[in-house]
Each structure stands twice: as C-alpha cells, then as structure tokens.
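Pasting in a structure now, in structure tokens, and then I'll have a few things to ask.
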Amino acid sequence: MKICVFGAASPTIDAEYIKRVEELGEQMARRGHSLVFGGGGNGLMGAAARGVRRGGGEIVGVIPSFFEDEGVEAICDFCTELIFTDTMRERKQIMEDRADAFIVVPGGIGTFEEFFEILTLKQLCRHRKPIAIYNIRGYYNELHTAMEKAIEKKFIRENCSGLYHLSDDPEDILRYVEMPVDTGKTVRDLKDG
C-alpha cells in the first residue's frame, strides 16, 4: 500500500514529534507500505521519510520546483523517486493520485489545507481512501472538537464524522488505513446543498 503522509516541514518543532513520526514511518515500511509525501527533508516530512528508509521501504517525494529554486525548504535527498512539479496544486494532485491512504501528522497551514482538501473530496465521493489523523500529544484535539461543533450546529452532516479516524496510537492508525474503508455513502448522504 502507498500511504501519503501530510505533516510539518519545520525543523524547529519538539523532538518528541520527530521521534514518534520516525517510528510510524518505520512501522509502515516493516508492514510492507511505501511513502508518498511532500518531499521535505526537515520536520515531520523528513521524519516520516527517515523512518520508512530505516524500515526498508520505498519513498516517493513530490515537491514544487520553486521550493528548490527559492530555497523554501530542505528537500529530502534519499527518495526512491523525487518528482518536481510546477505548482502546489499539481503536487497535491500527484500525492492524492499515488496514495491508497492518507495519514495526517501534526503540521501547520499547509497540512491543514491538505487534510481539508482530501476530506472534502471524500465527502464529495471523489475517493474512498482511508484518512487517519495521528493525534500526537493531543495536537489535533481542538480541530476534532471544531469538527464536532460544526456537526452539532448542522454545518456538517453527522454522517461525515466517519470520514476520518483520529488516534494517538500508531498501531491503531496503521490498522485503520489497512482496512478497506467504504462508507457506502453517496454524496447526497454526506452533503447538503
């Protein structure tokens, strides 16, 4: 299975997050999975790639050319395959197309945007791939609460609560993404409008 990991690129985050995501990456590879990710060499992107490499897995990095040209962030230099794109939109499309499942680890604006895009596409039944959120140290507690509040206030249909899985246990995360996840729901079941 090809698992896309979305996460932070920052090299200044707490080492506990780095350690936990490296361990997740290693477990992914030992279970026979490969990594599709944003191609960054630092932060949790780099941690996932190092873990997968340590576990003997394949690594596909996808990164816009301007990241290299403008020195936006460090690029992972040991990818099995490194794909350069013209735009951020093209980067996300390739990651989405190549992935069989998604794991969202802690991150910032870009990670939130990636999560909400794949969640929206799942709500619209454009894919049925599993989406798991690795909630290290409760990082995504408030996001999950905001989603529950939006459901409670009827901005999001209650059926949407099953579109992703939240856990702080890497074994639970991997079990979830390895299971076939077909909600059997249609876009009419998941979206008003």
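For segment 11-92, what is the Kirkwood estimate of the hydrodynamic radius, computed as the reciprocal of the mean inverse distance between distinct Cα atoms, to one decimal in Å?
12.6
Give me the angle, in degrees from 0 to 90, between the Cα long axis of helix 109-123 and the longest principal axis of the Cα atoms of the chain, rounded to the nearest 10.
40
Could you check what % of the DSSP bridge pairs in segment 2-190 are antiparallel, to the nearest 5?
5
Take the Cα atoms of segment 67-158, build their convex hull, and give its volume per residue in Å³.
134
Rounded to the nearest 0.05, what FRET efficiency do residue 97 and residue 171 give with R0 = 30 Å and r taken as the Cβ-Cβ distance? Could you check?
Computed FRET efficiency for residue 97 and residue 171: 0.60.
Name the residues of segment 109-143 whose amide N is less than 20 Å from a point 7 angstrom out from the Cα of residue 54 along the C-beta direction?
Hits in segment 109-143 for residue 54 at 20 Å: 134-137.
To the nearest 20 debye, what is the magnitude of the charge dipole of the chain about its Cα centre, counting +1 on the Cβ of each Lys and Arg and -1 on the Cβ of each Asp and Glu?
Using Cβ point charges on Lys, Arg, Asp and Glu, the chain gives about 640 debye.
Would you kindly derive the ³J(HN,Hα) couplings of segment 20-31 from the backbone phi angles with the Karplus curve 6.51 cos²θ - 1.76 cosθ + 1.60 (θ = phi - 60°), listing them in order in whole Hz, with x for Gly and Pro?
Values per residue, Gly and Pro as x: 5, 6, 4, 4, 4, x, 5, 4, 4, 5, 5, 8 Hz.
Given 20 °C and 1.002 mPa s, how large is the Stokes-Einstein diffusion coefficient of the chain in µm²/s, with Rh as the Kirkwood radius over Cα pairs?
128
Give, as ranges by residue number, the residues of segment 97-113 whose backbone N falls under 15 Å from the point 7 Å along Cα→Cβ of residue 126.
97-99, 113
If you don't mind, another one. Quick check: from the Cα gyration tensor, does segment 121-193 come out rounded (a/c under 1.5), prolate or oblate?
Oblate is the answer for segment 121-193, as a/c is 1.5 or above yet b/c matches or exceeds a/b.
Read-outs: derived from the displayed coordinates by stated rules, not from any lab. All of these numbers come straight from a predicted model, not from anything done at the bench. We place every Cβ from the backbone using ideal geometry, glycine too, and count neighbours over all the protein chains shown.
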